[in-house]
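The values are calculated or read from the model by the stated rules, or taken from the named source; none is laboratory data. Note that this is a predicted model, so its numbers are computed, not measured. Here the Cβ positions follow ideal geometry from the backbone for every residue, glycine too, while neighbour counts run over all protein chains shown.
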Amino acid sequence: MATLKNYMRTLWDMQQTVCNALGMDLRRASFENRCMVIAIDAPIALLIKILTDKGLVTDAELNGYVQAARNQPFTRMPVDTPMLSADGSNTLPFPDPIQE
């Protein structure tokens with residue numbers, strides 16, 4: 001059975017994969033952003049640990065879903081923050097990063 005630390009490592013690795021697909025190296029993010037990601041990973045890992053310890057989710061199922069999430073196609077994000085549309089609509093001038 002995996003430890004809480006193992007689940008946190010899995011989350012961190014998955015986030016790095018997604019960030020790389022989006023065009024950003026999470027390891028080079030600011031100190032504050034890296035801390036926030038890890039701080040968010042802790043309660044998520046705790047919930048995963050509870051679910052696996054109670055047998056509601058197996059490690060094999062979890063690993064399958066993690067792999068599926070890592071393999072999703074993502075659109076690279078622009079480096080510059082996009083401006084809102086001139087007409088004031090909520091349409092942003094870049095594609096949705098999570099492809100259908």
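List of remarks:
- Output for region 27-46, where each listed residue is under 21 Å from L4 (Cα atoms) and either under 12 Å from the mean Cα position of the chain (by Cα) or surrounded by 12 or more Cβ atoms within 10 Å (Cβ to Cβ) (or both): R34, M36, V37, I38, I40, D41, A42, I44, A45, L46
- Exactly one residue among A45, A69, A86 is assigned to a helix (DSSP H, G or I) and at pLDDT below 95, and that residue is A69.
- Hits in region 48-58 (condition: farther than 30 Å from R76 by Cα and not small (G, A, S)): K49, I50, L51, T52, D53, K54, L56, V57, T58
- Enumeration of residues in region 17-39 that are of a type in the set (S, T, N, Q) and more than 17 Å from P73 (Cβ to Cβ): S30, N33
- On the stretch given as region 6-39, residues that are closer than 21 Å to A68 by Cα and assigned to a helix (DSSP H, G or I) total 19.
- Test: A60 is at pLDDT 95 or above, part of a helix (DSSP H, G or I) and more than 12 Å from the chain's Cα centre (by Cα): no
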